[in-house]
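The values are calculated or read from the model by the stated rules, or taken from the named source; none is laboratory data. Just so it is clear, the model here is predicted, and its values are computed rather than measured. So basically every Cβ, Gly included, is an ideal-geometry build from the backbone, and we count neighbours across all protein chains shown.
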Amino acid sequence: MNLPLDQILKGDCVETLSSLPGKSIDLVFADPPYNLQLQNDLHRPNMTKVDAVDDAWDHFDSFAAYDTFTRQWLAACKRVLKPTGSIWVIGSYHNIFRLGTMMQDLGFWILNDVIWVKTNPMPNFRGVRFTNAHETLIWASTGKGAKYTFNHHAMKGLNDEKQMRSDWWLAPLASGAERVRDENGGKVHSTQKPEALLYRVILSASNPGDTVLDPFFGSGTTGAVAKRLHRNWIGIEREQKYIHAAQKRIDAIRPEPFDPGTFDVRSKRKSAPRVEFSALVENGFLQAGQRLIFSKDERRSATIKPDARLRTDDGFEGSIHKTGSHYMNGAPCNGWEHWYLQENGRLVLLDEVRQRYRLEQGLTAEPPG
């Protein structure tokens, strides 16, 4: 069965997900009902009514009913995710803890919880609680030890070349031209998310040509951002008014022509052809008996053995990764980024030696795919 790419599928999310082929989706972004449990209208001090989330789709008879619904759609998402895929789920204090528990029960492996800090949140007008100034996103892989996409260097690029943290300070609302409005100028959807939020999610956890699925498509922010970033998308939505507005919004987008060199933000180091450490020894780029220094610390070193293993100062033997882990008390270690060679009075990272080998052998980066 071919995937219905770049389409909005009308219907119940669980039933529609069940109709899609298993292990076919690269990324899921889910903005499910929050089950806000609003009891009464909310008014400002001047007695004007707050435009709160009181839509029928956010009403559930009980926590048990909400939990049953949540387990069903999460399980359906897990079925369609590729083993290398991942899922982002957003919620507030009303539901995010329930979501996290159920995700773990279903076998998802939580990678991060990201706090979306709203720069201008709505006050707590009655003054009985702290102002609710954030929402939480849970990012999870399909299981413990599963591989997944994370464009770490792209996130650094969005953060002044510093590692991006898990607290995201972004505008609280979709506003201006991106706010989807009806013919009377009113908001089409009460919980439309800002495109900046989806931009980070999609850029961080997918690549051009991947398929992004949103089971609660709403006003179509996921599809709009995915189209701009040259990802395929699938939306599921049961409300016709949202489908109409989202389709109109996405149809109006004209992304720049696709160029792999521009839109592929994967680390060039990670996409380069694989080179074994043994190849450097066998081809004379490194010599048996040479001393390597760990993390620029002259007190921790190892000697290259003829079989391409390292022997540390305290007698431990293993690969460049295992010996590095040995010096880090068992923590995971990428030896290419921690072992150095003394060369002409300076320390040269093993990864630099590996790159020399690639250049001499005419090995180039693998094309996206």
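What are the residues in the range 337-358 that are part of a helix (DSSP H, G or I), over 30 Å from the mean Cα position of the chain (by Cα) and not basic (Lys, Arg), if any?
Hits for the range 337-358 are VAL353, TYR357.
Could you tell me whether ASP259 is modelled with pLDDT of 95 or more, among the charged types (D, E, K, R) and loosely packed, with under 12 Cβ neighbours inside 10 Å?
Here the answer is no, as ASP259 does not meet what is asked.
In the list ARG228, ARG266, ARG238, which residue meets the criterion of being at pLDDT 95 or above, closer than 23 Å to LEU27 by Cα and not aromatic (Phe, Trp, Tyr)? Break it down stepwise before answering.
Details: ARG266 fails: at pLDDT 95 or above; ARG238 fails: at pLDDT 95 or above.
Only one candidate passes the filter, namely ARG228.
Could you tell me which of the residues GLU360, GLU282, GLU317 is free of Cβ contacts under 8 Å to residues at least 40 places away in the same chain, acidic (Asp, Glu) and surrounded by 13 or more Cβ atoms within 10 Å (Cβ to Cβ)? Talk me through it step by step, then tell me what you get.
Values: GLU360 fails: surrounded by 13 or more Cβ atoms within 10 Å (Cβ to Cβ); GLU282 fails: surrounded by 13 or more Cβ atoms within 10 Å (Cβ to Cβ).
The unique qualifying residue is GLU317.
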